[in-house]
Amino acid sequence: MSGYPEYMQASLKKVAATRPARLEKAREGREVVKAMTLAEREDVLNKFHPDYLPDARKPVRVGPNKGEEMTSRVVDLLESYPRINPDDFDLSEPDYDTDVLIIGGGGGGCMAAIQVANAGMNAVLATKLRVGDSNSMMSQGGMQAAVNPHDSPTIHYLDAIGGGHFDNNPELVQAMTIDAPRIAAYLEELGVMWDKDSEGRLMTESGGGTSRRRMLSCRDYTGAEIQRVLRDEVKNHPDKITIVEYSPAVELLLDEAGEAAGALLYNMETGEYNVVRAHSVIISTGGYGRLHIKGFATTNHYGATADGLVMAYHAGTKLLYMDSVQFHPTGAAYPEQIVGFLITEKVRGLGGQPVNKEGELFVFPLEPRDVEAASFIRESTERSLGIETPTGRVGVWLDSPIVNLLNGPGTIQTALPAMVRQLKRFGIDMTSEPMLVYPTLHYQNGGIEINADTETTLAGLYAAGEISGGVHGRNRLMGNSILDYNVFGYRAGHAAVQRAKALVDRPPAKLHMDHVRAYRKELEEAGIPETSHAPILLPEYRNPEVLKKHRKDYDPFLGEFI
Amino acid sequence: MVDNPRTPPIITAMEEKEVEVKAPAQEKVPDESPKENLIPVFIMGKRFFVPESFTIITAMEYVGFQFKNAVGCREGFCGACATIYRLEGDYKLRTGLACQTVVEPNMHLAQIPFTPAVKAVYDISKLKPELVSIQRYYPEVFRCVACNSCTKACPQEIEVMDYIQAVKRGDLETAADLSFDCIMCGLCAVRCPAEMVQFNIALLARRLTGRYLLPRSHHLEKRLAEQREGSYEKDIEELMGLSRKGLTKRYTERDLDFEVF
Ligand SMILES: Cc1cc2nc3c(=O)[nH]c(=O)nc-3n(C[C@H](O)[C@H](O)[C@H](O)COP(=O)(O)OP(=O)(O)OC[C@H]3O[C@@H](n4cnc5c(N)ncnc54)[C@H](O)[C@@H]3O)c2cc1C
Ligand code: SF4
Ligand code: SF4
Ligand code: FES
């Protein structure tokens, strides 16, 4: 039985009809359709990528990047007023005193915490939801690492920097590609079950923009497998790592020298605020998918609201490439309940093909993500060759049944069990029918500027993972962000320990939030009205009809009358 | 737009300042779908009316809940949204993930945002990949009465009882394989009459398997040895020294080679 409505059947028949010819071509070699030239790529990006729409960006009026153009939604967030008033807090008696404070319990934060514990120092790991409720838990496809004989970190470097349109910080790409094999081995030692053949060779797949098979995987639970192992390892150090859950940080705290020395946490369950003092602070709060930039659906977890970016910016940290958003080409477009969910790139890595309403393969399946996404939008808008859904969306087919024909029966079922299960829950059998897809908001390409030791422009503050900028330039390739948070989470842990070791004997730092006062003043002086506050901590999905019936001066989230 | 277009539009702190921009998807066709039917569901005993195609999470948001726990990924990967429910006229206590389960008329539900669980503290480098390692930390594994309640409760369709049996036989690799898709939602443990925490036992079995039982990759070991000599640093530094033009040339001229090994 088909999982799609009657009116889509004609188009589905066309997809099935063109499949044998497409299959034949795919069997002969990988280039089923010619890849675009750099000029063609640029053209489709300029015309169709959401980043290039006229009002996609605007200059930010305050802070260290003042005058620079950024994604409009991000500018609105940075131009929001701090959500707390520094005068309300006594910072002189911290609730936690530790060596290293780590903000964000995703993959990057956990990796850093383990390093701190292994160095014999203490850490507080503060996070918004539970440890592991993060984007890291969700990644499916894989992690890049040049482990094959005909591959090398050098080729990996070239792929990453070309994919990022040559805007990447070379020092960071070097660190990432050179560390990659070592990280793969380190994770294996922790007990991550990489996919291997019977002789122990790591299975590798290709991904968009890679010139070799380089994607290591753990079935299609790659992120979950790594994240649950890292989380478990964090919990194996109860004497060193204090986990503080459901307690997002809302502002950073600085010391007398203006260096990062802690954070103010907001306990979402009890409403109290807690002060953490530390010698070094690592920020690893991940991305911003839940900002729903340009109204796009997102693949990100519930807590991906750019809090870290806002806090660090308030404290004077420079950001990089905040004008570029990654839309993943293949978000689910049907059925409605799963719109925006990620259909992993691995489907195309295994030979899946994007096909239009007429059954035509219209783009090289593994262009860099931004190019692929822009092509899908072109197909659906200008060319009108997309498929409309009953709720007024549009999408293109991703021909998945071809994967089994190409690689042998059962390939999809063993390589993509999560995907198969998820679609089955909503009535689609991806082994026999294609999926309907459309670009979805996926990844924060830019972020806090760092160097290879994860130092930010604010002394004492280290940043790792999706929150940082520069590693991927203006476009990240698949598999490089799992790698990113592991490599730089590891480095951040070590760098933070170094600093903490040098500072252990200093008298306790006097904490303050003068930077928050100064930021507020700057906003006022720029004439920006106080209509919104940040960081937002959680996205707002409640029915406005219900919110209308709240007492006007009651903030149900803060649990306070305002 | 949001998870579901028929959920309320996103309103955030910045709402008023947002420029009205239509996403390309929405530009094309207006939403002409008929208004959704509302059905009654009981959330912790209290009745609410929610759209019939919504998942439990989006339905709860629709009626005004704001989640501060019991939600994470919203896509079936994190296990934060474990939920138990009963359907009208049915004695069975059912389990599911709130982000993946569509509401049903007269569903009575409660969430279980947290499962108190025994979690062993160990140093993986000092353990042997054998039954004794698990026995030492989780002796309760032998109390399994093979009732299969865990398997029935698992939203991931995992053969939970079978992996526990595999552990008991000392076959850690099979246990690792069978439990691989576990998202640690805790529903099996809540239902277990032998009071064990299956998901933590499975995690230990997998970590032992990943570290000790899977064969080592010689390619990886070779690469690490090569790297100790530092040859790639030099190659990359050469690339770093190129002008943007030179680098672009190297990039566009790079060969594609998709051989498996
Ligand atoms: C569906 C999906 C699939 C993906 N697939 C791949 C893939 O195949 N390959 C790949 O390389 N990459 C993939 N990615 C990207 C990759 O998973 C992420 O970029 C990466 O995991 C980010 O790690 P992180 O540690 O920086 O952030 P996260 O893992 O998101 O962790 C951030 C943590 O910080 C917490 N936090 C947020 N705000 C605060 C606050 N104010 N205070 C305290 N804590 C806070 C969050 O709750 C979260 O726990 C995918 C991403 C998604 C969403
Ligand atoms: S095995 Fe248990 S914890 Fe894991 S997914 Fe199934 S029910 Fe949840
Ligand atoms: S629920 Fe407990 S006792 Fe029953 S089969 Fe599962 S592990 Fe064994
Ligand atoms: S919210 Fe993560 S599994 Fe449901």
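The values are calculated or read from the model by the stated rules, or taken from the named source; none is laboratory data. For clarity, every value in this text was computed on a predicted model and none was experimentally measured. As a convention, Cβ positions derive from the backbone with ideal geometry for all residues, glycine included, and neighbour counts pool all protein chains shown. When the accessible area is computed, the model is the full protein with side chains, heavy atoms only, and any ligands, DNA or RNA have been set aside. Shrake-Rupley method; radii C 1.70, N 1.55, O 1.52, S 1.80 Å.
Is the range A:41-50 home to any residue that is among the aromatic types (F, W, Y), assigned to a helix (DSSP H, G or I) and crowded, with 16+ Cβ neighbours inside 10 Å?
yes
Just need a number here: residues in the range B:220-231 that are more than 7 Å from chain A (Cβ to nearest Cβ) and aliphatic (A, V, I, L, M).
1
Could you please let me know if B:V63 is within 12 Å of another protein chain (Cβ to nearest Cβ), under 24 Å from A:D220 (Cα atoms) and open to solvent by 10 Å² or more (accessible area, probe 1.4 Å)?
No; evaluated as a whole, the condition is false for this residue.
To keep it simple, each residue is scored yes or no on (1) of a type in the set (S, T, N, Q); (2) within 23 Å of B:K168 (Cα to Cα); (3) within 16 Å of ligand 1 (Cβ to nearest atom).
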residue	(1), (2), (3)
B:T55	yes, no, no
B:R74	no, no, yes
B:K92	no, no, no
B:G96	no, no, no
B:Q100	yes, no, yes
B:P105	no, no, no
B:P139	no, yes, no
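If I ask for residues that are open to solvent by 70 Å² or more (accessible area, probe 1.4 Å) and either of a type in the set (D, E, K, R) or more than 11 Å from chain B (Cβ to nearest Cβ) (or both), which ones from the range A:29-38 would you list?
A:R30, A:E31, A:K34
Those residues that are outside any loop (DSSP other than H, G, I, E, B) and closer than 23 Å to A:T389 by Cα, I need them from the range B:34-55; list them, please.
If the condition is that a residue be outside any loop (DSSP other than H, G, I, E, B) and closer than 23 Å to A:T389 by Cα, then B:L38, B:V50, B:P51, B:T55 are the ones that fit.
Wholly within the range A:404-491, which strands (runs of 3 or more DSSP E) include no fewer than the required count, namely at least 2 residues that are under 24 Å from the mean Cα position of the chain (by Cα) and of a type outside the set (A, V, I, L, M)?
So the answer is A:435-444, A:447-449.
Do we find a residue being farther than 29 Å from B:P215 by Cβ, within 13 Å of ligand 3 (Cβ to nearest atom), assigned by TED's automatic domain parsing to the domain that holds B:T209 and among the β-branched types (V, I, T) anywhere in the range B:129-147?
The answer is yes, given that some residue of the range B:129-147 is farther than 29 Å from B:P215 by Cβ, within 13 Å of ligand 3 (Cβ to nearest atom), assigned by TED's automatic domain parsing to the domain that holds B:T209 and among the β-branched types (V, I, T).
Would you confirm, using the coordinates I've provided, whether A:D151 is farther than 19 Å from A:M322 by Cα and more than 7 Å from chain B (Cβ to nearest Cβ)?
So A:D151 passes the test.
Among the listed residues A:G349, A:G408, A:G427, A:G392, identify the single one that is in contact with a Ser or Thr (Cβ under 8 Å, 6 or more places away or on another chain) and either surrounded by fewer than 20 Cβ atoms within 10 Å (Cβ to Cβ) or farther than 30 Å from A:N168 by Cβ (or both).
A:G392
Considering the range A:205-215 alone, what residues qualify as being touching an Asp or Glu at 6+ places or on another chain (Cβ under 9 Å), open to solvent by less than 20 Å² (accessible area, probe 1.4 Å) and facing another protein chain (nearest Cβ under 7 Å)?
A:S211, A:R212
Return the pairs, sorted by first residue and then second, in which the second residue is among the small types (G, A, S) and open to solvent by 10 Å² or more (accessible area, probe 1.4 Å), the first residue lies in the range A:392-414 and is within 12 Å of another protein chain (Cβ to nearest Cβ) and free of Cβ contacts under 8 Å to residues at least 40 places away in the same chain, the beta carbons are less than 8 Å apart, and the residues are 6+ apart or on different chains.
Cβ pairs passing all conditions: A:G392/B:S33.
Failed condition for A:K128, given (1) away from ligand 2 (no atom under 16 Å from the Cβ); (2) within 14 Å of another protein chain (Cβ to nearest Cβ); (3) open to solvent by less than 10 Å² (accessible area, probe 1.4 Å), with all others met?
The number of the failed condition is (3).
I'm told B:Y232 meets every condition in (1) away from ligand 1 (no atom under 16 Å from the Cβ); (2) farther than 16 Å from B:I124 by Cβ; (3) open to solvent by less than 20 Å² (accessible area, probe 1.4 Å) except one. Can you identify the failing condition by its number?
With respect to (1) away from ligand 1 (no atom under 16 Å from the Cβ); (2) farther than 16 Å from B:I124 by Cβ; (3) open to solvent by less than 20 Å² (accessible area, probe 1.4 Å), B:Y232 is out only on (3).
For every residue, the table says whether it meets (1) within 16 Å of ligand 3 (Cβ to nearest atom); (2) in contact with a strand residue (DSSP E or B) (Cβ under 7 Å, 6 or more places away or on another chain); (3) among the polar types (S, T, N, Q).
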residue: A:S432; (1), (2), (3): no, no, yes
residue: A:P439; (1), (2), (3): no, yes, no
residue: A:A452; (1), (2), (3): no, no, no
residue: A:G479; (1), (2), (3): no, yes, no
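Residue under question is B:R250, and the condition is that it be open to solvent by less than 30 Å² (accessible area, probe 1.4 Å) and either within 10 Å of chain A (Cβ to nearest Cβ) or at pLDDT 95 or above (or both); does it hold?
no
Matching residues to (1) within 30 Å of B:Y212 (Cα to Cα); (2) touching a strand residue (DSSP E or B) at 6+ places or on another chain (Cβ under 6 Å); (3) part of a loop (DSSP other than H, G, I, E, B):
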{"position": "B:F67", "(1), (2), (3)": "no, no, yes"}
{"position": "B:R74", "(1), (2), (3)": "no, no, yes"}
{"position": "B:C78", "(1), (2), (3)": "yes, no, yes"}
{"position": "B:K92", "(1), (2), (3)": "no, no, yes"}
{"position": "B:A117", "(1), (2), (3)": "yes, no, yes"}
{"position": "B:A120", "(1), (2), (3)": "yes, no, yes"}
{"position": "B:S125", "(1), (2), (3)": "yes, no, no"}
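Would you check which residues across the range A:372-390 are basic (K, R) and within 10 Å of another protein chain (Cβ to nearest Cβ) and list them?
A:R378
I need the full set of residues from the range B:232-243 which are modelled with pLDDT under 95 and facing chain A (nearest Cβ under 7 Å), in order please.
Across the range B:232-243, the qualifying residues are B:Y232, B:E233, B:D235.
With the condition kept exactly as written, say whether any residue in the range B:205-212 is more than 7 Å from every other protein chain (Cβ to nearest Cβ) and surrounded by 14 or more Cβ atoms within 10 Å (Cβ to Cβ).
Yes, some residue in the range B:205-212 is more than 7 Å from every other protein chain (Cβ to nearest Cβ) and surrounded by 14 or more Cβ atoms within 10 Å (Cβ to Cβ).
For the range B:57-72, which positions are within 16 Å of ligand 1 (Cβ to nearest atom) and aliphatic (A, V, I, L, M)?
B:A70, B:V71
Please go through the range B:168-189 and pick out each residue that is hydrophobic (A, V, I, L, M, F, W, C), within 24 Å of A:M138 (Cα to Cα) and more than 6 Å from ligand 2 (Cβ to nearest atom).
Within the range B:168-189, B:A175, B:A176, B:L178, B:F180, B:A189 meet the criteria.
Cβ-Cβ distance below 6 Å, separation of 6 or more or different chains: which pairs start in the range A:110-136 with a residue that is of a type in the set (D, E) and end on one that is at pLDDT 95 or above?
Close Cβ pairs satisfying both conditions: A:D133/B:G72; A:D133/B:C78; A:D133/B:A80.
Let me spell it out: the conditions are (1) within 14 Å of ligand 2 (Cβ to nearest atom); (2) within 23 Å of the chain's Cα centre (by Cα), and B:Q165 meets all of them except one. Which number is the exception?
Answer for B:Q165: the failing condition is (2).
Please go through the range A:84-111 and give me each residue that is surrounded by fewer than 22 Cβ atoms within 10 Å (Cβ to Cβ), among the charged types (D, E, K, R) and in contact with a helix residue (DSSP H, G or I) (Cβ under 9 Å, 6 or more places away or on another chain), ordered by number.
A:D87
For the range A:515-534, which residues satisfy the criterion of being under 19 Å from A:A315 (Cβ atoms) and either within 9 Å of chain B (Cβ to nearest Cβ) or open to solvent by 80 Å² or more (accessible area, probe 1.4 Å) (or both)?
Matches in the range A:515-534: A:R517, A:K521, A:E524, A:E525, A:H533, A:A534.
So for the range A:82-89 (the condition being without any contact (Cβ under 8 Å) to a residue 40 or more places away in the chain, acidic (D, E) and within 18 Å of A:V276 (Cβ to Cβ)), does at least one residue qualify?
Checked the range A:82-89: at least one residue is without any contact (Cβ under 8 Å) to a residue 40 or more places away in the chain, acidic (D, E) and within 18 Å of A:V276 (Cβ to Cβ).
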